[in-house]
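What follows is a set of notes on a single structure, which appears directly below.
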Amino acid sequence: MFVPQAGYDRAITVFSPDGRLFQVEYALETVKRGTISIGMITSDGVLLAAEEQIDKFQDENFSRKLFVLDDNIGAALSGYVPDGRVLIDYSREICQNHRLVYDECATVEYVARRISDIKQAFTQQAGVRPFGVSIIFGGVDLDKIPKIFVTDPSGSYVKYFLAAIGNKSDAALSFLAKYYTNKITLEEAKMLAAAAIKRTSISEKQIKIRFLEVPIKTMKARLYTIEESCIYLKKAEQKYR
């Protein structure tokens, strides 16, 4: 049953007869195996949320899935975390260079597009493989409008109001869609995101979540601690029974 595929899943630059790049599809499957991350535009800013898997004796203050890129931009990833770490470094360099050249912060779309260009290049070069990670870029631009863009291993990027990536992302979006409106506040969004993560978590341990928010008022990204974020799990239980 695997014969038609056999000659086309070993090289990243070769299309199969039915127009598929198997290595890109494998990378997309890697994203689906990662723990869930959520991005949400609210009436007063942008919220990014992620389920964090914390091992025994691991420092909870060290985030593996949520990152501040610049004052006004944050990122959440899902998939193969080492690939994501490299792309986060690229993202920060892009933000820094933009400030040096233009003396202002980069836009969310500019960073997402540049990272998507890098991802796309790794789908058409021999001797490399695609990045096995999707990233939600969220932030507030100088126009005071919150924005979210999602990039995937193929190199595409899409603008969203509400996004979820990782394991059971479809189920999370179905739950979020029941309660999400464009009038939701950051505080309400934290409870909604916590409820969605709890309902879709595959962890057998105590669930750990983390938030990153960028309020419109301050345009300053803030990364929450695990302890601060997990408070909203209890609030979510009371609100979303």
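The values are calculated or read from the model by the stated rules, or taken from the named source; none is laboratory data. Since we're looking at a predicted model, the values are computed, not measured. Note: ideal-geometry Cβ built from the backbone for every residue, glycine included; neighbour counts use all protein chains shown. Calculation scope for accessible area: heavy atoms of the full protein, side chains included, ligands and nucleic acids excluded. Shrake-Rupley method; radii C 1.70, N 1.55, O 1.52, S 1.80 Å.
Annotations
- Rounded percent of accessible protein surface that carbon and sulfur make up, region 164-211, 1.4 Å probe: 48 percent
- Fully extended contour minus Cα-Cα distance, from Val81 to Ala126, at 0.36 nm per residue: 13.9 nm
- Pairs from Lys178/Lys205; Lys208/Lys234; Lys144/Lys220; Lys147/Lys183; Lys190/Lys235 whose Cα-Cα separation, in the structure shown, is over 19 Å: Lys178/Lys205
- Neighbourhood charge, 13 Å Cβ-Cβ cut-off, centred on Phe122 and excluding it, Lys, Arg +1 and Asp, Glu -1: -1
- Estimated [θ] at 222 nm from DSSP helical runs (n ≥ 4, -39500 (n - 2.57)) normalised by residues in the chain, nearest 500: -12000 deg cm²/dmol
- Were the residues from Glu227 through Ala171 laid out at 0.36 nm apart, the gain over their Cα-Cα distance would be 17.6 nm.
- Cα gyration tensor shape for region 9-57, rounded if a/c is under 1.5, else prolate or oblate: oblate
- With the simple spin-label model, which puts each label point 7 Å out from Cα in the Cβ direction, the Arg241 to Ser156 separation comes to 4.2 nm.
- Bridging of Lys56 to aspartates and glutamates at a Cα separation below 16 Å is possible for Glu204, Glu227, once same-chain residues fewer than 8 apart are set aside.
- The separation of region 8-79 from region 125-168, counted between C-alpha centres, amounts to 8 Å.
- 19 Å cut-off, amide nitrogen to a point 7 angstrom out along Glu104 Cα→Cβ, residues in region 137-154: 139-148
- Percent of Cα pairs exceeding the 21 Å cut-off, where the set is region 28-131: 42 percent
- Probing with 1.4 Å while keeping every protein chain in the model, the per residue accessible area of the chain equals 51 Å².
- Among 134-145, 228-239, 61-72, the order from most to least packed when residues are scored by Cβ within 10 Å on average: 134-145, 61-72, 228-239
- Which label in (i) 62; (ii) 49; (iii) 45 gives the computed percent of Cα pairs over 24 Å apart: (iii)
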